[in-house]
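Asks: Before anything else, here's the structure in question.
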Amino acid sequence: MHEKQSKRLAYLLRHHPEAIGLKLDEHGWGDVNYILEKEHMTRKTLEEIVKYDEKGRYSFNEDHTKIRANQGHSIPVHIEMKEVIPPDPLYHGTADRFVSSIEREGLLPMTRLYVHLSTSVEQAIKVGSRHGRPVVFLVDTRRMIDDGYVFYLSPNQIYLIKTVPAKYLTLLKK
């Protein structure tokens, strides 16, 4: 439902608000009315995009006058996320072509602000499939917490961290 408009919204709220002259505040919130006007979208359509997005990519503020992406930003914003103790282990799905660099350098946010981690192998495979032939790394979250690393939970229940050094990763064999 509204897939093209949802992708456009992700593009604007996560990467290029300037494409339509949208100003985001420090927490990533943008004006709903401005987006509706510039994108020639109805409020009903925007409400449906937010409500039915299977990944929970977006949030409205309390009175639905502002909207933001919950995570995945390549632009500097500070989404108010809770520090959490995550389940152990977590998983990271990627494409097989990245295995050697990940084994050397660990997981880096690359063009995003955080590394995204999944709670299941199945979810990680799904994520990895978007980038090529999927592979999954197990993340030793217990050891990372013991070593002082901080994990966050985004509003749509994705675990985030700034980086995962290679020593905390195990490539799962199929």
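The values are calculated or read from the model by the stated rules, or taken from the named source; none is laboratory data. Note that this is a predicted model, so its numbers are computed, not measured. Every residue, glycine among them, receives a Cβ derived from its backbone with ideal geometry; neighbour counts consider all protein chains shown. SASA here: full protein model, heavy atoms, side chains in, ligands and nucleic acids out. Shrake-Rupley method; radii C 1.70, N 1.55, O 1.52, S 1.80 Å.
Asks: Take the conditions of a type in the set (D, E, K, R) and either at pLDDT 95 or above or part of a strand (DSSP E or B) (or both) and apply them to Arg142. Does it pass?
Replies: Judged against the criteria, Arg142 is a match.
Asks: Here's another thing I want to ask about it. Which of the helices (runs of 4 or more DSSP H) contained wholly in the stretch 36-129 include at least 2 residues that are under 25 Å from Asp140 (Cβ atoms), out of contact with any strand residue (DSSP E or B) (no Cβ under 8 Å at 6 or more places or on another chain) and open to solvent by 90 Å² or more (accessible area, probe 1.4 Å)?
Replies: Per the criteria, 99-105.
Asks: On the basis of being crowded, with 17+ Cβ neighbours inside 10 Å, farther than 20 Å from Glu80 by Cβ, among the hydroxyl-bearing types (Ser, Thr, Tyr) and modelled with pLDDT under 95, does Ser6 make the cut?
Replies: Against the criterion (crowded, with 17+ Cβ neighbours inside 10 Å, farther than 20 Å from Glu80 by Cβ, among the hydroxyl-bearing types (Ser, Thr, Tyr) and modelled with pLDDT under 95), Ser6 qualifies.
Asks: Give all pairs with beta carbons closer than 6 Å in which a residue from the stretch 145-164 that is outside any loop (DSSP other than H, G, I, E, B) meets a residue that is among the basic types (Lys, Arg); count only pairs at least 6 apart in sequence or on separate chains.
Replies: Leu153/Lys82
Asks: What are the residues in the stretch 14-36 that are free of Cβ contacts under 8 Å to residues at least 12 places away in the same chain and touching a Gly at 6+ places or on another chain (Cβ under 8 Å), if any?
Replies: Selection gives Lys23 alone.
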